[in-house]
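K.L.:
Pasting a structure here, questions to come.
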Amino acid sequence: MAHIKDLRERPAGYTGTKPYWARYRDPMGKEHGKTFRTLREARNWLAENEVAKGRGDWVDPLAGKVTFETFAEQWRAVQVHRPSTASQVESHFRTKVYPAIGGRPLASIRPSHVQALVKALSIELAPSTVETIYRHVSAVFKAAARDRLITRTPCDGITLPKADRDHKVVPLELDQVVAVADLVPDRYRAAVWVGAGTGLRQGEVLGLTVDRVDFLRRVVKVDRQMITPSKGEPAFGPPKTKASYRTVPLPDAIGLELARHLREYPPGDDGLIFTAPDGRPVRRQRMADAWRTAAEAVGLPPRTGFHATRHFYASALIQFGESVKVVQSRLGHASAIETLDTYGHLWPDSEDRTRQAIDSLLGDSAGQARDAVGE
């Protein structure tokens, strides 16, 4: 039963300056109390808690004292994430989020704190990466609200950085791909060519095994990738998406480069084609470092990573007239919209296609008509 006790008569042992003591019992029967300076404050507090109990959304005021990091780690432990996603979330939280808000009690975190976090991330990271981190932070707060640790999520009205919609992929030129392939350590040279000649993602290239390459039929089967966790050794994992399961044509030039590589560097455990000098799987960071060193020497734009080989492959297919659906299939995109959003500007525009279509149909006839008029 909720009630208020008047402490103005200073009962024995009371030394406080707030004379009104309000008490109520939560849905579990536990008593909660708090002192107030005025009777109105005490009544309002009791009314708020009674209403919350009636609505079924009452929150224990002590629950919100759990820190963000403590609850986020509990949240991560029960998520059904792909290995690559789990590793990404762990890394982002440990290096970007916890230093900013990890030690704060959940109930003390305000929208302004979340906005400040987003602002700080925006200074050093791309908008898409900031959005990814924010999405996971928001999921933690939503879970805390569902568990009745906080009354509501502070991820309300947060402004995220806008991606540069005018930014368009600029594929590498062939001589740039050649230069990078020549400058990376020789044991990774073929990896660059596989990326450029098949469009495989870096993890798919590093997870390629001999049994997934059919030299006779000249195809590469993509049904897994090499995942590098923040802790522990690289291991096979599923591709990025369902659409990433695919079979890709193996060009003769890439097949010859792979054959050369396998002569120089015999397959590792499980038939792994690309291995580190110690014979173990190649960590993503090792490949990234090798690529970055070569890319800087070649003079490629900053932040041009291994993924640029994938753009090169897509642009080559488009240049030689492949359709959107074919490019989508080869790259393992989930939809043609994703392919067009990334590479649509590389296809000839409608004006070019219109001219080509009419010229192919009427070019000769129009020329003959012109000659006849001239006669």
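K.L.:
Of the conditions (1) in a loop (DSSP other than H, G, I, E, B); (2) modelled with pLDDT of 95 or more, Pro61 clears all except one; give me its number.
P.N.:
It is condition (2) that Pro61 fails.
K.L.:
Which residue, of Leu206, Leu200, is in contact with a helix residue (DSSP H, G or I) (Cβ under 8 Å, 6 or more places away or on another chain), closer than 16 Å to Gly268 by Cα and crowded, with 21+ Cβ neighbours inside 10 Å? Lay out the reasoning, then the answer.
P.N.:
Numbers: Leu200 fails: closer than 16 Å to Gly268 by Cα.
Residue meeting the stated conditions: Leu206.
K.L.:
Check His92, His81 and return the single one that is within 21 Å of the chain's Cα centre (by Cα) and outside any helix (DSSP H, G or I). Give the steps one after another, and end with the answer.
P.N.:
Values: His92 fails: outside any helix (DSSP H, G or I).
The match here is His81.
K.L.:
Quick one: which residue in Asp269, Asp252, Asp278, Asp223 is surrounded by fewer than 19 Cβ atoms within 10 Å (Cβ to Cβ) and closer than 30 Å to Ile337 by Cβ?
P.N.:
Details: Asp269 fails: closer than 30 Å to Ile337 by Cβ; Asp252 fails: closer than 30 Å to Ile337 by Cβ; Asp278 fails: closer than 30 Å to Ile337 by Cβ.
Answer to the check: Asp223.
This table checks each residue for (1) assigned to a loop (DSSP other than H, G, I, E, B); (2) surrounded by 21 or more Cβ atoms within 10 Å (Cβ to Cβ).
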| site | (1), (2) |
| --- | --- |
| Leu121 | no, yes |
| Thr129 | no, no |
| Ala143 | no, no |
| Leu160 | yes, no |
| His167 | yes, no |
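K.L.:
Determine whether Ser112 is within 18 Å of the chain's Cα centre (by Cα) and either buried (at least 16 other Cβ atoms within 10 Å of the Cβ) or assigned to a helix (DSSP H, G or I) (or both). Spell out how you get there, then give the answer.
P.N.:
Values: within 18 Å of the chain's Cα centre (by Cα): no; either buried (at least 16 other Cβ atoms within 10 Å of the Cβ) or assigned to a helix (DSSP H, G or I) (or both): yes.
No, not satisfied.
K.L.:
To continue, here is another question. List every residue pair whose Cβ atoms sit under 7 Å apart, with the two residues 6 or more apart in sequence or on different chains, where the first one lies in segment 103-130 and is within 18 Å of Pro154 (Cβ to Cβ) and the second, anywhere, is assigned to a helix (DSSP H, G or I) and of a type in the set (Lys, Arg).
P.N.:
Pairs found: Pro105/Lys65; Ala107/Lys65; Leu121/Lys96.
The values are calculated or read from the model by the stated rules, or taken from the named source; none is laboratory data. None of these values were measured; they are calculated from a predicted model. Methodologically, a virtual Cβ is constructed for each residue, glycine included, from the backbone with ideal geometry; neighbour enumeration extends over all protein chains shown.
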